[in-house]
Each structure stands twice: as structure tokens, then as C-alpha cells.
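These notes concern the structure reproduced below.
No lab work stands behind these numbers, since they all come straight from the coordinates. If you're wondering where the values come from, they're calculated on a predicted model, not measured in any experiment. Virtual Cβ from ideal backbone geometry, glycine too; neighbours counted across all protein chains shown.
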Amino acid sequence: MTNSEQFQNLHKRASDGEVAAQFELAKAYWNGDGVAQDKRSAIEWYRRAASRGDPEHQMALGLILFWDEGQFKDIKEGFVWIHKAAEQDHLGAQYFLAAEYATGDNVSKDPAKAAAWYRRAAELGHAEAQYNLGLMYWEGEGVTRDPAESQKWLLQSADNGELLAQDFLSKAYRDGLFGFPRDPAKADYWLSQQNK
């Protein structure tokens, strides 16, 4: 089968409603892979795939709309698609929303929403979300200040391999900071974990 035949087959499957084919066709148009690049067609196919409810497809469309440097940039619509993916427990989408609400770069800064999305991702095991949530609990940013809750999330993050958390704990135990007791052995342990 030639590339042209493969593309026609993909297009037919996508037109017939096969979601995976719609997503592949969208990527092909976006990247110009086996076909002339056509971002307008790509966006249309991404929307078709995303509207079927798959969080991966929603996140992909959301990021394209959010970060496109050209005529297809639409932060508001991109945010809507990313939010739909996050509601379906897409970890990347949850973390993305948390970070956006935390910084306020592209949406209104809202520490409470940031903490809520970090928590959802943290509870599903996202190590960087656990780290950020731990810091928010320490600072009382978007949540009631709670040193014990802060320590819990920082330790979980470090246990899950987050280098920033391991570095944080190494220094906290070395110097007795952030409610952690001074403990050179634990400081050395977390320092050693960073080199693995």
C-alpha cells in the first residue's frame, strides 16, 4: 500500500467515526506527515476526536490551542478542553490547570483552585503535584496552613522520585527546617536519592 493509499484509508476511517483514526489524521495534518501540512484541517479533526470524550485527545487539542503561536491560538478554548481532560483524571491536565492557577500567567491567579487541582493530581500519585501541594500547605497558600500535611506531601513526593522534594528534604533535615527535626542521617539519605 502506498503512502497515498494509507492516507486515504486513514481519512476514510476517520470520516466513518473511528476516534483513533481522527486523532492520527489530525496529527498528520498538523505535522505535515504524509500529507501537506494543513493546520485548519488538523484542528477540525482534533476537535472531532476530542469531542468524543477521550481525555488524551482533549488534552492534545487543549495544548495545541493554548500554545499555538499562529492563528489557531485560543487560550480560552484550550483551557476548556484541558479542563475536560482534568475532570476525567488526566494527570497532566490536572497538573497543568494547577500550575496555571498558581502562576496566573494565562488565567486569573487562584491559589485555592491551584491547590485543589494539585491535590487531585497528588492523590493519583503525581510527584511534582505532591511537592507543590506540600509547599502550599507550608505557606498556607490556597489552603489552611498545615505543617503536618505539608510534610506528608513532601515526603510522598520524595518517595515518588521528585528531585526537588528530595533536595528540599535533604536541606530540611540537615538544618532542621520546615518542621523537620535536624537529622544528618536522613539528610544524607535524601541527598543520596538524588544521585540515583
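List of remarks:
- Sorting 144, 103 from the fewest to the most surrounding beta carbons within 10 angstrom yields 144, 103.
- All lysines inside 20 Å of residue 73 as judged from Cα atoms, apart from same-chain residues fewer than 8 positions distant: 27, 39, 84
- Packing, as the average of other Cβ atoms within 10 Å across residues, places the peptides 131-138, 120-127 in the order 131-138, 120-127, highest first.
- Seen from residue 137, the other residues with C-beta closer than 9 Å to its C-beta sum to a net charge of -2, counting Lys and Arg as +1 and Asp and Glu as -1.
- Over the chain, Cα pairs under 8 Å with separation of 6+ residues give a relative contact order of 9 percent.
- Eligible aspartates and glutamates near residue 12 by straight Cα distance, threshold 18 Å, same-chain separation 8 or greater: 24, 33, 38, 44
- Note on residue 186: lysines with a C-alpha under 18 Å away, same-chain residues under 8 apart excluded, are 152, 171, 196.
- Per-residue ellipticity at 222 nm, computed for the chain from helices alone with -39500 (n - 2.57) per DSSP H run of at least four residues, works out to -22500 deg cm²/dmol.
- Mean sequence separation of contacting Cα pairs (under 8 Å, at least six apart), scaled by the length of segment 91-196, corresponds to a relative contact order of 17 percent.
- Charge sum, other residues only, whose C-beta stays under 15 Å from residue 93's C-beta, Lys/Arg counted +1 and Asp/Glu -1: -4
- Neighbour net charge for residue 12 - beta-carbon separation under 13 angstrom, K R +1, D E -1: -3
- FRET efficiency estimate (nearest 0.05) - Cβ-Cβ, residue 146 to residue 87, R0 30 angstrom: 0.70
- The dipole here belongs to segment 53-107: it is taken about the Cα centre, uses +1 on the Cβ of Lys and Arg and -1 on the Cβ of Asp and Glu, and is about 100 debye.
- In the chain, the alpha-carbon atoms span a convex hull of 134 Å³ per residue.
- Once the C-beta distance of residue 109 and residue 4 is scaled by a Förster radius of 41 Å, the resulting FRET efficiency is 0.25 to the nearest 0.05.
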